[in-house]
1. What's the center-to-center distance, using Cα atoms, between the range 1-61 and the range 275-293 in Å?
2. Which value, to two decimals, describes the C-alpha radius of gyration of the chain once divided by 2.2 N^0.38 Å?
3. Ordered by residue, what ³J(HN,Hα) values in Hz, to whole numbers, does the range 55-69 give under the Karplus form 6.51 cos²θ - 1.76 cosθ + 1.60, where θ = phi - 60° and Gly and Pro are x?
4. Given the range 201-243, report the % of alpha carbon pairs whose separation exceeds 12 Å.
5. Per residue, how big is the convex hull of the range 1-117 when only Cα atoms are used? Give it in Å³.
6. Rounded if a/c is under 1.5, else prolate if a/b beats b/c, else oblate: with a ≥ b ≥ c from the C-alpha gyration tensor eigenvalues square-rooted, which is the range 58-130?
7. How many Lys pairs in the chain lie less than 22 angstrom apart by Cα atoms, where the lysines are 8 or more positions apart or on different chains?
8. Between rounded, prolate and oblate, where does the range 27-71 land on the alpha carbon gyration tensor, with a ≥ b ≥ c its root eigenvalues, rounded for a/c under 1.5, else prolate if a/b exceeds b/c?
Amino acid sequence: MKILVTGGAGFIGSHVAEACLRAGHEVVIVDDLSMGYRSNLPLGARFVEMSITDEAFTDFVVAEKFDTINHHAAHMELRVSVDKPVHDATINVLGSLRLLEAARASGVQHIVLASTTAVLGEFVHMPATESHPVLPIAPYGVSKRAMELYADYERITHGMSITTLRYTNVYGPRQNPHGESGVIAIFLERFMNGAPAVIHGDGSQERDYIHVDDVAAANVVALEQRVQGTYHICRNSAASVNDVVHALRDALGRECIVQHGPAKAGDPARTRASHDLFSSCTGWMPKIDLHEGINSTAAWFLRRGAE
């Protein structure tokens, strides 16, 4: 297949592009490099520097005649979305809508959209299934929910073939340690530099962490099997921020200092989701547990620091 991966110079998108290449597909990456890096681009993929919000992107998609599209270009900083909701919506809503319309115009056979369990808001039952109430509590979740609704519209009204994947907390090599997302990467960078890490709140807040390699595998399965609908991609496990700190100390083999700050606005206290629906439809299962994943992620950060 000829696959377009938007955001393929970013953390998750670059791993998805690599997984698609390993599966034998032709991969074209579009990224405006606002949050991605050329160093993340996998060998064998064609790269086009472009924003999904530009009119030229529509012409590009129509001209290229992709078989499938994997959409990972997004704004994903929660606190920035609170401060700048128009910026967040411009990329996540208008950019995604442009992509959907271009895909329909060009006859794309299938689309995989990257979403988030942040659309659920506060988790009222856990593990959250796809029937969980959807009440986002931050503009980031609102914009991603809008993308999901536009995808439902395209699927129902125009018969488009679309998979929407809602991720929990993704971590792994290449995650940006300088943004606000990705506590594991942020803490690793600070601990390696001998600096304290800031825990927002008391550290008891729990997250369902999933390794990026498992996420990439789920994307390849969704592209190849062309499953329809919205699914949670997660481990159905929970670890507190304090648990993560302990695992990072073990992986680095050193004492790591933490400080506490105020809790983030729009950040739920606990998240945990079920992947049973996607697993039953596709056979995909997460394979990497948190300690294994943190060890491999720490090893990557240490290698990068030594280069």
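Bear in mind that the values in this text are calculations on the coordinates, not laboratory data. Model, not experiment: these values are computed from the prediction. With ideal geometry, Cβ positions are generated from the backbone for all residues, glycine too; neighbour counts draw on all protein chains shown.
1. 25
2. Numbers: Rg = 18.5 Å, N = 307, 2.2 N^0.38 = 19.4 Å.
The chain yields a ratio of 0.95.
3. 4, 4, 5, 4, 4, 4, 5, 5, 6, 7, 6, 6, 6, 9, 10
4. Values: 605 of 903 pairs.
Counting pairs separated by more than 12 Å, the tail of P(r) holds 67 percent.
5. On the way: hull volume 11.3 nm³, N = 117.
Taking only Cα atoms, the range 1-117 has a hull volume of 96 Å³ per residue.
6. Working: a/c = 3.57, a/b = 1.60, b/c = 2.24.
Oblate.
7. On the way: 2/65; 84/144; 84/264; 144/264.
For the chain, the number of qualifying lysine pairs is 4.
8. On the way: a/c = 2.28, a/b = 1.27, b/c = 1.80.
Oblate.
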